[in-house]
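Below: the structure, in structure tokens.
Throughout, read-outs are computed from the coordinates displayed, never taken from laboratory work. Keep in mind that this is a model prediction, so the values were computed, not measured. Cβ atoms come from the backbone with ideal geometry, glycine included; neighbour counts cover every protein chain shown.
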Amino acid sequence: MPDKSRSSELKKFERRVKYTFRNKKLLAQALVHRSYAYERPGGKGSDNERLEFLGDAVLGLVISGSIFIRFPDFLEGEMTRIRSALVSRQTLEGLARKLGLGKMLLLGKGEAASGGAEQSRNLVGAYEAVIGAIYVDGGFKKVGKFIEEQFKAELKRIPEGGTTKDYKSILQEYTSKAYKATPKYTVVSEEGPEHRKHFEVAVLFGGMARGKGEGKNKKSAEQDAAYKALFNEGLLDKTA
């Protein structure tokens with residue numbers, strides 16, 4: 001792609017993300033896959049992986065802070081579960097596609113030929129790299145505004161129970177296939193006054209307890225227990 005054409009595309013992308021870079025090189029680098037950089041003399045280190053690393057950390061911090069402020073009554077387990085759902089590969093891939101990141105990525109010939117522009121790992125990596133680039137270019141306030149805008153719809157969908165996914169259903173589907181059984185939930189403890197209860201719930205399948213969860217009601221504690229069980233079964237990356 002000629003430099004003038006690329007510059008025009010980057011300007012259009014800035015309008016989509018509603019952020020204008022002072023340092024245009026940062027945005028350009030955020031959209032360079034390592035396969036593209038390696039095909040060019042001296043290109044090593046000019047790809048988006050360092051920005052991706054930074055963007056991943058910044059995203060986690062901004063989302064954690066947003067959850068902490070928006071939901072003051074949620075326990076640690078509930079907040080962890082929400083953050084996991086919000087920053088999941090599935091969510092980030094969807095946001096990347098909305099921004100048209102696949103078309104913006106510069107890929108090596110082999111990567112492009114194998115459909116790299118549509119691969120989840122490349123889209124998510126580029127999305128996190130863009131976040132990293134905005135942070136370096138504009139600071140925490142600017143990147144926070146970008147992330148809040150990007151996740152506005154996702155945050156609104158969080159129900160009072162405190163989760164964006166039904167982990168109980170996911171766990172039941174898993175156990176029916178892997179264990180030919182339905183998970184059973186039992187209350188381990190119930191403490192606190194009526195207006196501020198604290199529940200601890202265990203989930204059992206395969207003849208033993210597989211996860212314990214906490215919550216301000218049985219429903220949220222059961223969701224947390226299911227989440228912990230999925231994590232203990234090594235399935236969190238596939239479901240969160």
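Distance from the C-alpha centroid of the range 58-132 to that of the range 190-204: 33 Å, rounded to the whole angstrom.
A simple spin-label model places pseudo-atoms 7 Å from Cα toward Cβ; at SER46 and ALA112 they are separated by 1.6 nm. The chymotrypsin sites (Phe, Trp or Tyr not before Pro) of the range 94-186 that DSSP puts in a loop, and whose beta carbon has at most 15 other beta carbons within 10 Å, are TYR179.
Each of SER84, SER66, SER7 was scored by other Cβ atoms within 10 Å of its Cβ. Arranged with the fewest first, they read SER7, SER66, SER84. Exposed loop sites were defined as trypsin sites (Lys or Arg not before Pro) in DSSP loop states (anything but H, G, I, E or B) carrying at most 13 other C-beta atoms within 10 Å; in the chain the longest segment without such a site runs 45-156. Just want to confirm a number: the relative contact order over the range 1-85, from Cα pairs under 8 angstrom separated by 6+ residues, in percent. Relative contact order here is 16 percent.
Give me the compactness ratio for the range 167-239, meaning the Cα radius of gyration over 2.2 N^0.38 Å. All intermediate terms of the calculation are to be shown ahead of the outcome.
Numbers: Rg = 12.3 Å, N = 73, 2.2 N^0.38 = 11.2 Å.
Rounded to two decimals, the normalised Rg is 1.10.
Site pair ARG157 and ASP73 shows an inter-label distance of 2.4 nm when each label is modelled 7 Å from Cα along Cα→Cβ.
How much mean residue ellipticity at 222 nm does the chain get from its helices, if each DSSP H run of length 4 or more adds -39500 (n - 2.57) and you divide by all residues, to the nearest 500 deg cm²/dmol?
Working: 14 runs with 145 residues, N = 240.
That comes out to -18000 deg cm²/dmol.
Against the set [x] 51, 38, 38; [y] 62, 39, 32; [z] 64, 38, 25, the structure's computed Cα extents along the principal axes in Å falls on [z].
Just checking the listed ones, GLY207, GLY138, GLY100: in the Gaussian network model of the chain with Cα springs under 10 Å, the one fluctuating most is GLY207. In this structure, the residue pairs whose Cα-Cα separation is over 31 Å, taken from LYS165/LYS197; LYS11/LYS141; LYS18/LYS165; LYS12/LYS145; LYS12/LYS152; LYS12/LYS228, are LYS12/LYS228.
How high is the relative contact order of the range 167-239, given as a whole-number percent (alpha carbon pairs under 8 Å, six or more residues apart)?
With pairs under 8 Å counted, the relative contact order is 26 percent.
Using a simple spin-label model with pseudo-atoms 7 Å out from Cα toward Cβ, ARG97 and LYS180 lie 3.7 nm apart.
Taking amide hydrogens as placed 1.01 Å from N in the peptide plane, the amide H of ASN217 sits under 5 Å from those of PHE199, each at least 5 positions away in sequence or on another chain.
Nearest 10 degrees is fine. How inclined is helix 167-178 to the longest principal axis of the chain, computing both from alpha carbons? Approximately 80 degrees, to the nearest 10.
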